[in-house]
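**Q** Before I ask anything, here is the structure I am working with.
The values are calculated or read from the model by the stated rules, or taken from the named source; none is laboratory data. Please read these numbers as outputs of a predicted model, since none were measured by experiment. Please note: Cβ atoms are built from the backbone with ideal geometry, for glycine as well, and neighbour counts cover all protein chains shown.
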Amino acid sequence: YFLQMSEWQSNPSDKALLRDTWSDDWEDLYNLGSDIYLYIFKVMPACKSLFPWIPKYEAEGRDFAQGKEFRSQALKFVQTIAHVVNNVNHLERMEGFLYDIGQRHVQYASRGFKPQYWDIFQDAIQAALANKMKSLPKLTKEERERVILIWRDIALYIILHMKDGYNDGMKGVNRYPGGVIIDH
């Protein structure tokens, strides 16, 4: 299944359903990103150590999720998902982009980033998007079931390429040494 997901293929109706259930609305993006990170921190509280501002907020008795740093991080993550959705007809262009994000996460190993965190991120994306799909009243039962599976596959695709970049980076390997050029 992982080999198949490295080159995700879908039909036009699946791609249309994917785009129809995505929103570029700023507040929707923030809520989705927030749901993803809150899921991660609930399932794996140790992930909080990757973000130096969280302990500061908690030490002051403040809710880190209300801080500008959290908002920025939540939006950054969903902008990556948005980039994939916007390029769903040419996902091969996204492989290097996602791989590079994985490469950049090597720097967080010193803060405690562990390879198994990728699986938690994947679960978080899937859970947040499934909840979002369940809240969309315009979908039929069949469309909702189908789009949850499509989003699951997209989450797997994203994390698979990020994980590849991270794992290669930990070995000092970079399959895209000249950088990644994305043609919008």
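**Q** Look through 28, 24, 100 and report the one residue that is crowded, with 19+ Cβ neighbours inside 10 Å and either of a type in the set (Asp, Glu) or not in a helix (DSSP H, G or I) (or both).
**A** Details: 28 fails: crowded, with 19+ Cβ neighbours inside 10 Å; 24 fails: crowded, with 19+ Cβ neighbours inside 10 Å.
Checking each option against the conditions leaves just 100.
**Q** Using beta carbons and a limit of 6 Å, which pairs, at least six apart or on different chains, have the first residue in the range 103-114 and closer than 20 Å to residue 41 by Cβ and in contact (Cβ under 8 Å) with a residue 60 or more places away in the chain and the second one aliphatic (A, V, I, L, M) and surrounded by 12 or more Cβ atoms within 10 Å (Cβ to Cβ)?
**A** Once the first residue is closer than 20 Å to residue 41 by Cβ and in contact (Cβ under 8 Å) with a residue 60 or more places away in the chain and sits in the range 103-114, its partners that are aliphatic (A, V, I, L, M) and surrounded by 12 or more Cβ atoms within 10 Å (Cβ to Cβ) give 111/50; 113/50.
**Q** Same structure again: Taking the range 120-138 as the region of interest, how many residues are surrounded by fewer than 13 Cβ atoms within 10 Å (Cβ to Cβ) and in a helix (DSSP H, G or I)? Show your work before the answer.
**A** Just the residues of the range 120-138 that are surrounded by fewer than 13 Cβ atoms within 10 Å (Cβ to Cβ), to begin with: 134-135, 137-138.
If we keep only those that are in a helix (DSSP H, G or I) too, we end up with 134.
Qualifying residue count for the region: 1.
**Q** Still on this model: Taking into account only those residues within the range 33-90 that are outside any helix (DSSP H, G or I) and not polar (S, T, N, Q), which is nearest to residue 18 (Cα to Cα)? Write out each step before concluding.
**A** First, pick out the residues of the range 33-90 that are outside any helix (DSSP H, G or I): 44, 51-52, 60-63, 67, 87.
Keeping just the survivors that are not polar (S, T, N, Q) gives 44, 51-52, 60-63, 67.
Numbers: 44: 28, 51: 31, 52: 34, 60: 41, 61: 40, 62: 37, 63: 33, 67: 31 Å.
Restricting to residues being outside any helix (DSSP H, G or I) and not polar (S, T, N, Q), the top hit is 44.
**Q** Out of the residues in the range 65-85 meeting the condition of being more than 21 Å from residue 176 (Cα to Cα), polar (S, T, N, Q) and touching a residue at least 24 places away in the same chain (Cβ under 8 Å), tell me which one is surrounded by the most Cβ atoms within 10 Å (Cβ to Cβ).
**A** Start the filter on the range 65-85 by keeping residues that are more than 21 Å from residue 176 (Cα to Cα), which leaves 65-79, 82, 85.
This time we only want the ones that are polar (S, T, N, Q), so: 66, 72-73, 79.
Right, trim to touching a residue at least 24 places away in the same chain (Cβ under 8 Å) and you get 73, 79.
Numbers: 73: 19, 79: 12.
Among those that are more than 21 Å from residue 176 (Cα to Cα), polar (S, T, N, Q) and touching a residue at least 24 places away in the same chain (Cβ under 8 Å), it is 73.
**Q** Next question. Determine whether the range 52-64 contains at least one residue that is surrounded by 13 or more Cβ atoms within 10 Å (Cβ to Cβ), closer than 28 Å to residue 176 by Cα and either modelled with pLDDT of 95 or more or under 17 Å from the mean Cα position of the chain (by Cα) (or both).
**A** Our first condition is that a residue be surrounded by 13 or more Cβ atoms within 10 Å (Cβ to Cβ); within the range 52-64, this holds for 53-54, 56-57, 64.
Filter once more, keeping what is closer than 28 Å to residue 176 by Cα: none.
Looking for residues that are surrounded by 13 or more Cβ atoms within 10 Å (Cβ to Cβ), closer than 28 Å to residue 176 by Cα and either modelled with pLDDT of 95 or more or under 17 Å from the mean Cα position of the chain (by Cα) (or both), one finds none in the range 52-64, hence no.
**Q** Condition test on residue 179, is it part of a loop (DSSP other than H, G, I, E, B), surrounded by fewer than 11 Cβ atoms within 10 Å (Cβ to Cβ) and modelled with pLDDT of 95 or more?
**A** On the way: part of a loop (DSSP other than H, G, I, E, B): yes; surrounded by fewer than 11 Cβ atoms within 10 Å (Cβ to Cβ): yes; modelled with pLDDT of 95 or more: no.
Criteria not met by residue 179.
**Q** Scanning the range 27-63 for residues that are aromatic (Phe, Trp, Tyr) and touching a residue at least 24 places away in the same chain (Cβ under 8 Å), which turns out farthest from residue 76 (Cα to Cα)? Even if it seems obvious, please write down each step before you answer.
**A** Going residue by residue through the range 27-63, those that are aromatic (Phe, Trp, Tyr) are 30, 37, 39, 41, 51, 53, 57.
From what is left, the residues that are touching a residue at least 24 places away in the same chain (Cβ under 8 Å) are 30, 37, 39.
Working: 30: 9, 37: 11, 39: 16 Å.
Within the range 27-63, the match that is farthest from residue 76 (Cα to Cα) is 39.
**Q** Would you tally the residues in the range 139-176 being in a loop (DSSP other than H, G, I, E, B) and among the small types (Gly, Ala, Ser)?
**A** Pass one, the range 139-176, residues in a loop (DSSP other than H, G, I, E, B): 139-140, 171-176.
Narrowing further to those that are among the small types (Gly, Ala, Ser): 172.
Within the range 139-176, residues that are in a loop (DSSP other than H, G, I, E, B) and among the small types (Gly, Ala, Ser) number 1.
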